[in-house]
Structure formats: C-alpha cells, structure tokens
Amino acid sequence: MNVPLPDVPEVRVVGLPQLTTGFDLVERLDLAMHLKVHGPLEPMTGERLAELAETIYLRGRGGAGFPFGKKLRAVAKASIRRGVRPVVVINGSEGEPACRKDTVLLNRAPHLILDGALLA
C-alpha cells in the first residue's frame, strides 16, 4: 500500500536524480521497488569503497569536510590494531537547519541508508 507519508517535504531535483530515483513512481521505495530501481547491493572491499570516495572527493558534512575515504581507512586501521570490529551508526537526526534530507531519505528510501551502512 502506498499512502502519503506525514510531514515529509516535497522533493525537488536539479539535474538527473540519484538518491531520489524512483520517487516519481511511488511515495516510498519498499525493498522490492528499491531492488527494481537501484538493483542489489554489490559487495566491495573497504579499500575499494575508500578509493571510490576519494575519486569523487566525498567529504563529511560535520563542518570540517573530512575526507570520507581517509576516515574509512583510519577506522579500519584502528580496528585491526585494537582487535575489534568497527560499528556503523546511522544518524538520522536533522543537523542542518532547513534541510530535510534525512527525513526524506529515511522515510522514502530507507534501503539506500541500509545499503550505505552495509558498505561501510
């Protein structure tokens, strides 16, 4: 069943959609629609993910713009050194004023968030 979600802002797209692909088809991408639109998650090594992040200059949004690839490598190195398995936390709180991206993605494309956590 595809009913409108409460308090989820309108999505506007500039250029070709990436994260919002499929929003024109349904209100919320359940797992079946997510797989149809985005395909299954392709496994990759942490090193490959770090390389991709560096290739596109992916940076954190916490204010300092720390390079994501560098952070991945640092966490991997520290976890090996300490003999522990790293933990990924999904933070869905809206930290940027007037930006509702977390609400939109968590409500309309939750499997994209889960895919990202699984890759990290």
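The values are calculated or read from the model by the stated rules, or taken from the named source; none is laboratory data. Fair warning: this is a prediction, and the values are worked out from it, not measured in the lab. Please note: Cβ atoms are built from the backbone with ideal geometry, for glycine as well, and neighbour counts cover all protein chains shown.
Annotations for the structure displayed:
- Taking the criterion of being of a type outside the set (Asp, Glu) and touching a residue at least 12 places away in the same chain (Cβ under 8 Å), the residues of region 71-101 that qualify are 72, 73, 76, 88, 90, 92, 95, 100.
- For region 37-50, the criterion of being over 23 Å from residue 108 (Cα atoms), at pLDDT 90 or above, among the charged types (D, E, K, R) and surrounded by 13 or more Cβ atoms within 10 Å (Cβ to Cβ) is met by none of the residues.
- For region 52-70, the set of residues classified as more than 20 Å from residue 17 (Cβ to Cβ) and either in a loop (DSSP other than H, G, I, E, B) or touching a residue at least 24 places away in the same chain (Cβ under 8 Å) (or both) consists of 57, 60, 62, 63, 64, 65, 66, listed by residue number.
- Test for residue 102: is it at pLDDT below 90, assigned to a helix (DSSP H, G or I), surrounded by 12 or more Cβ atoms within 10 Å (Cβ to Cβ) and acidic (Asp, Glu): yes
- Residues of region 71-99 satisfying the condition of being basic (Lys, Arg) and not in a loop (DSSP other than H, G, I, E, B): 71, 73, 77, 81, 82
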